[in-house]
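The values are calculated or read from the model by the stated rules, or taken from the named source; none is laboratory data. The shown structure was predicted, so the numbers you read here are calculated from the model rather than taken from an experiment. In this analysis, Cβ positions are derived from the backbone assuming ideal geometry, glycine residues included, and neighbour counts consider all displayed protein chains. We work out accessible area using only protein heavy atoms, side chains counted, and drop any ligands, DNA or RNA first. Shrake-Rupley method; radii C 1.70, N 1.55, O 1.52, S 1.80 Å.
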Amino acid sequence: MADRVTVIGWDGSPLTAAARSALAAATLVAGAAHHLALPEVPPGAERIRLGSVDLAARRIAGHRGTAVVLADGDPGFFGVVRTLRAPQHGLEVEVVPAVSSVATAFARAGMPWDDAQIVVAHRRTLRRAVNVCRAHTKVAVLTSPGAGPAELALLLEGVHRTFVICEELGTAREQVTVLTSDKAADHAWRDPNVVIVIGGSGGPATPASGTGPGGPGGGWIGGRDPGYPPAVRGWALPAREYGDGLDALGEGESTGLRAAQLARLGPRTGDLVWDIGAGSGALAVEAARFGAAVIAVDADLDACDRTAAAARRFGVQLHVVHGRAPYILEDLPEPDVVRIGGGGVPVVSACADRRPERIVTHASTRDEAEAIGRALAEGGYTVECALLQSVELDTGAWSERDRSVVFLLSGVQERREASR
């Protein structure tokens, strides 16, 4: 087993005294090709080209001597330290950090990054990384081969963003390119690279603006500041938050029904939610407030306008699509969860064909509920149904103001959820 393992971060700057000392004593050095070419690497040390970190960790664990692992940026920030410290390797690790590639990328762009979301994009996580870019106004994406700027741009089709693409940071071949997302797929990009994805309502229009949701004075928490715009506490908000009077919400958008639908959908960061028949946009906005990306669909142009206005009011990112389901759904990206506000069995069946984890809808009559339940079951979903009744009272006279009785249906794709 290695006597000592030192992980050295490298950001293109001259190595620190601690890093040079560790390298001078190393009998094994692991790193990328440009790391192994550094003049400080001892000529007699065993060299390992770092591909699989897990495989390298096993070789280091079997080495008798002093090992050094070189990694770009801060190796403790989405880096090799996590793998090297895994219990099965039994390695004692010391770390000499450097500036992370994310910090360097934002420095090159001249932008603050305390209000940025940070995601890692591999082939298996690319879609979820894209959903974060849909939902937030400033995102740094640590890319990988096959999940780079071009792939991000292709999956963001229809959503306008600005890309700041930082290639080979810290090397002589470093290059920073600013372009719109629709142009990124037309280029070949060098690895490694970091992509800063910015734009959308409430966010910076260009890298030069430098201001994000935290405003010029900054926020108090990393990532999206929950206090910007002025936060409305709670969810399944009352009708008055979406307009004047009870008419602000349409049929099937009552507070109680939305609360139950949101609880069953469970929208979260990295998800893509379809809200079909968005109406006022109340549920779409609240799903987005949980951090999910949302596509709101409605055949009524006025409803689309109301949904877009609600998104602006609450400072969330929505992609509003005008069109009639199920036909409009064919060209939409794959959803994780779906809420159906109207359309009946044909829309339910079309959504089930896309295999989201969960589908939630409602029905006004038992016959309609049974038909929707059969469609969900035939689509391979486990079906739940509950009869919800809510009564809003005027607390001045303690008289009934509004009553809602509805069947709530939800379908769960058990096999897919179990595999996640």
Q.
Is there a quick way to get the dipole size of the range 235-363? I mean about its Cα centre, with the Cβ of Lys and Arg at +1 and of Asp and Glu at -1; what is the value in debye to the nearest 20?
A. 380
**Q.** Potential lengthening between Leu154 and Asp367 on full extension [0.36 nm per residue; Cα-Cα distance subtracted]
**A.** 72.4 nm
Q) Which percent of the Cα-Cα distances in the range 74-138 go past 13 Å? A) 73
Q) Is the range 263-399 best put as rounded, prolate or oblate by its Cα gyration tensor, with a ≥ b ≥ c the root eigenvalues, rounded for a/c under 1.5, and otherwise prolate when a/b is larger than b/c, oblate when not? A) oblate
Q: Measure out, as a whole number of angstrom, how far apart the alpha-carbon centroids of the range 136-164 and the range 283-349 sit.
A: 22
Q: Specify which labelled value, from [x] 1.07; [y] 0.96; [z] 1.00, agrees with Rg/Rh (Cα atoms, Kirkwood Rh) derived from the coordinates of the model shown.
A: [x]
Q: Return the carbon/sulfur percentage of the accessible area of the chain, one whole number, probe 1.4 Å, all protein chains in place.
A: 51
Q.
Would the range 343-420 count as rounded, prolate or oblate if I go by the C-alpha gyration tensor, calling it rounded below 1.5 in a/c and otherwise prolate when a/b exceeds b/c, oblate otherwise?
A. prolate
Q.
Can you compute log10 of I(q)/I(0) for the range 251-306 with the Debye formula, treating each Cα as one identical point scatterer, at q = 0.27 Å⁻¹?
A. -1.12
Q: Return the tail of the calculated pair distribution for the range 14-131, meaning the percent of Cα-Cα pairs more than 25 Å apart.
A: 31
Q. Averaged per residue, what accessible area in Å² does the chain show with a 1.4 Å probe, protein chains only?
A. 47
Q.
At R0 = 30 Å, how high is the FRET efficiency between Arg354 and Arg58 if r is their beta carbon distance? Nearest 0.05 is fine.
A. 0.15
